[in-house]
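The values are calculated or read from the model by the stated rules, or taken from the named source; none is laboratory data. The structure displayed is predicted, hence computed values, not measured ones. Note: ideal-geometry Cβ built from the backbone for every residue, glycine included; neighbour counts use all protein chains shown. The accessibility values were calculated without ligands, DNA or RNA, using every heavy atom of the protein model including side chains. Shrake-Rupley method; radii C 1.70, N 1.55, O 1.52, S 1.80 Å.
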Amino acid sequence: RGQIVADLFDRAVASGTATVFDVCDPRLDPASEAGRCNLKMIREADCVVTSTPPLAEVLRPHRAREPSVITDMYEGPRGEPAWQPQPDRLKVLWFGHGSNHDTLPGLCTELIRVGRHRPIQLTILTGGGPDLLSMCKSFNQKWRHAVETRYKVWSPEATWAALAATDVVVIPSMNRPKKLVKSPNRIVESLWAGRCVVAYTLPAYAPFAEWAFLDNSIERGLERALAEQDSIADRVRGAQAYIADTHSPERIAEQWEQVIAEAVTAKQEKPRG
């Protein structure tokens, strides 16, 4: 798939078409084919777009023109802010790409400590992974009294349903360069769905510090949310007002239109030959 994109890019350049390259992950290792293709397109594209300022910083040394930053728009239905957990188990949701599966072992360890005094049902919503069903079964045999896990296959529809059914979304991460440049898409989708969020303190999440519970310890953030649960619905309502203003499809579309116009201008200004 990467080679197909690279070939299409080369054909566009050869035909004189303005090019925009959107970069969501810093795959820039020149020793890999993907890294070489990405570096080539970053250097040659008329405009380069990414979703966070930290990732723009990573890309800046590789091109003459400044990368543009366009954040993610919200997706899915707007949910009513609510906090009404059942007394038997707190419903917790983790959803994400397979590249984030490495955060699950640490998350489960933290949730076990919370679950010893506040039992948890953890839903893991993601694409196919290495034996996730059997991993959940094995985990539950030992830790069901504190944390009961279940795996569901990701799809947009499954995401909206899982968000509507959960009490809180947890978004763990790690202090690694590839993690710290991630976009705010998961925190935006979760708050837009009306749900409490406990998340790692990624730079892209900083604007949501007033409304989500941001902490590099999910255990500590969740304990804080439980201690301040009377404020959760109002927090989420405030976040939704912010998201409606800054992450709407209309706002993001305007930014993309501007970048495309800049790419056309940049193409026209390039010397021919």
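Segment Glu210..Met174, full-extension length gain: 10.8 nm, with 0.36 nm per residue of separation and the alpha-carbon distance subtracted. Of Ala206, Ala253, Ala12, the residue with the greatest mean-square motion in the GNM of the chain, using alpha carbon springs below 10 Å, is Ala12. Here Arg78 and Glu57 are evaluated by their C-beta separation; at R0 = 30 Å the FRET efficiency comes out at 0.40.
In this structure, the amide hydrogen of Val23, modeled 1.01 Å from its nitrogen in the peptide plane, lies closer than 5 angstrom to those of Val49, Thr50, counting only residues at least 5 positions away or on a different chain.
Heavy-atom accessible area with a 1.4 Å probe sorts Glu33, Glu80, largest first, into Glu80, Glu33.
Farthest toward the positive end of the dipole of the chain, out of Ser155, Ile243, Ser15, is the Cα of Ser155, where the dipole comes from beta carbon charges about the Cα centre.
Accessible area per residue was computed with a 1.4 Å probe on protein heavy atoms; Tyr151 scores about 50 Å². For the chain, the longest principal axis of the Cα atoms and the long axis of helix 132-143 meet at an angle of about 30 degrees. For the stretch 238-254, 3J(HN,Hα) computed residue by residue from phi via the Karplus equation (6.51, -1.76, 1.60; θ = phi - 60°) reads x, 4, 5, 5, 5, 5, 4, 7, 9, 10, 6, x, 5, 5, 5, 4, 4 Hz, glycine and proline entered as x.
Across the options Pro26, Val49, Ala64, the greatest Cα extent toward the positive end of the charge dipole of the stretch 24-113 (unit charges at beta carbon of Lys, Arg, Asp, Glu) belongs to Ala64. Distant-in-sequence amide contacts of Gly79, defined by a placed amide H-H separation under 5 Å and a gap of 5 or more residues or a different chain, comprise Ala193, Gly194.
With protein chains left intact and a 1.4 Å probe, residues in the stretch 207-267 average 50 Å² of accessible area per residue. Measuring with a 1.4 angstrom probe and ignoring ligands and nucleic acids, Ser134 comes out at about 60 Å² accessible. Translational diffusion of the stretch 1-84 was estimated from the Stokes-Einstein equation, with Rh taken as the Kirkwood radius over Cα pairs; at 10 °C and 1.306 mPa s the coefficient is 110 µm²/s. The residue list Val188, His145, Ala164 was ranked by how far each Cα lies along the charge dipole of the stretch 142-199 toward its positive end, using unit charges on Cβ atoms, and His145 comes out on top. Applying 1/(1 + (r/R0)^6) with R0 = 45 Å to the Cβ-Cβ distance of Ala227 and Ser99 gives a FRET efficiency near 0.90. Magnitude of the charge dipole for the chain, about its Cα centre and with charges confined to Cβ atoms of Lys, Arg (+1) and Asp, Glu (-1), is about 800 debye. By its C-alpha gyration tensor, with a ≥ b ≥ c as the square roots of the eigenvalues, how is the stretch 81-205 shaped: rounded for a/c under 1.5, else prolate for a/b larger than b/c, else oblate? The shape class here is rounded.
Relative to the longest principal axis of the Cα atoms of the chain, helix 156-165 runs at roughly 30 degrees. His62 exposes around 70 Å² of accessible area when a 1.4 Å probe is run over every protein chain in place. Largest accessible area first, the listed residues Val58, Val92 line up as Val58, Val92 when surface is computed with a 1.4 Å probe on the assembled protein chains. Evaluated over the chain, the count of Lys pairs having alpha-carbon atoms less than 28 Å apart is 15 (only pairs 8 or more residues apart or interchain). Counted residue by residue at 0.36 nm each, then reduced by the alpha carbon distance between them, the extension gain from Glu66 to Thr265 reaches 70.2 nm.
Close amide-amide hydrogen proximity is noted between Val169 and Leu93, Cys196, Val197, Val198, each under 5 Å apart and 5 or more residues distant or on a separate chain (H modeled in the peptide plane; Pro and chain starts excluded).
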